[in-house]
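Encoded as structure tokens, the structure appears first; notes follow it.
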Amino acid sequence: MTKQPTLFAMPPKTRVKRMHVVDAGDPSHYDPAFPNRHIAQFGCRRCKFETDWVLMDTISETKRGIPCPRCTFDPSPLFVPLRAEYFDAFVSGDKTTEYRKYGAGWNERTCTRFRGVVLSRGYGKQDRHVGLITDFEISREPCSMDAWKACYGDQVVDVACITIQLDRR
Ligand SMILES: [Zn+2]
């Protein structure tokens with residue numbers, strides 16, 4: 001029997017390396033609907049990467065840990081091209097949330113918590129940083145920000161607010 005050639009390469013598997021809690025704080029966003037909400041910081045034992053405070057929904061999610069953006073191989077990270085000034089603000093730590101028009105490209109399905117992201121300075125391949133999504137919400141409040149108006153004008157729409165924990169190395 002002849003061996004069939006492999007027609008399709010298998011998609012690369014996600015290799016998840018989890019970070020574990022290094023510090024935990026009191027709930028800063030107490031909401032009776034989410035009695036287990038709290039904030040935690042995570043660290044990777046392998047590469048020593050540490051997150052800033054991350055708002056967590058449940059204790060069990062916290063105990064399980066979250067993927068390390070350096071050590072996890074995510075075959076399909078969310079690609080987020082940014083204008084230079086916004087990319088630089090993420091890298092410096094001044095900016096932690098990206099705002100996009102809510103819709104087919106930016107929604108709760110494409111922006112799932114703890115999905116890997118790649119931030120890119122424009123569409124080039126030179127300046128990129130990896131990270132992960134740590135929170136997602138839909139809001140109209142960003143429409144009143146000057147930076148939003150500069151891009152989208154005065155229209156008030158649903159905005160996908162994507163909080164990103166970046167590996168700023
Ligand atoms: Zn790591």
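Nothing in this text is a laboratory measurement; each read-out follows from the coordinates by a stated rule. Predicted model only: the values in this text are computed from it and were never measured. All Cβ positions, even for glycine, are placed from backbone atoms using ideal geometry, and neighbour counts span all protein chains on display.
Tabulated results
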item: Share, in percent, of DSSP beta bridges within segment 53-131 that are antiparallel, nearest 5; result: 45
item: Within segment 18-67, percent of DSSP bridges classed antiparallel, to nearest 5; result: 100
item: Residues V54, V16, V91, sorted so that the one with the fewest Cβ neighbours within 10 Å comes first; result: V16, V91, V54
item: Full-extension gain in nm, T110 to E85, via 0.36 nm per residue minus C-alpha separation; result: 6.6 nm
item: Gaussian network model of the chain, Cα within-10 Å springs - most flexible of D23, D74, D135; result: D23
item: In Hz, Karplus ³J(HN,Hα) per residue of segment 90-98 (6.51, -1.76, 1.60; θ = phi - 60°; x = Gly, Pro); result: 5, 5, 6, x, 5, 10, 10, 10, 9
item: Fewest-first sequence of C44, C68, C151 by Cβ atoms within 10 Å of each Cβ; result: C151, C44, C68
item: Of all DSSP beta bridges in the chain, antiparallel share, percent nearest 5; result: 85
item: Overall Cα dimensions of the chain, principal axis frame, Å, largest first; result: 67, 38, 31
item: Computed [θ] at 222 nm, helices only, for the chain once each DSSP H run of length n ≥ 4 contributes -39500 (n - 2.57); result: -3500 deg cm²/dmol
item: Cβ-based exposure ranking for E141, E98, in which fewest neighbours within 10 Å come first; result: E141, E98
item: Inter-centroid distance (Cα atoms) of segment 38-58 relative to segment 67-82, Å; result: 16
item: Reduced Cα scattering model of segment 18-67, Debye log10 I(q)/I(0), q = 0.18 Å⁻¹; result: -0.50
item: Nearest-0.05 FRET efficiency for Q155 and D94, computed from C-beta distance (R0 22 Å); result: 0.25
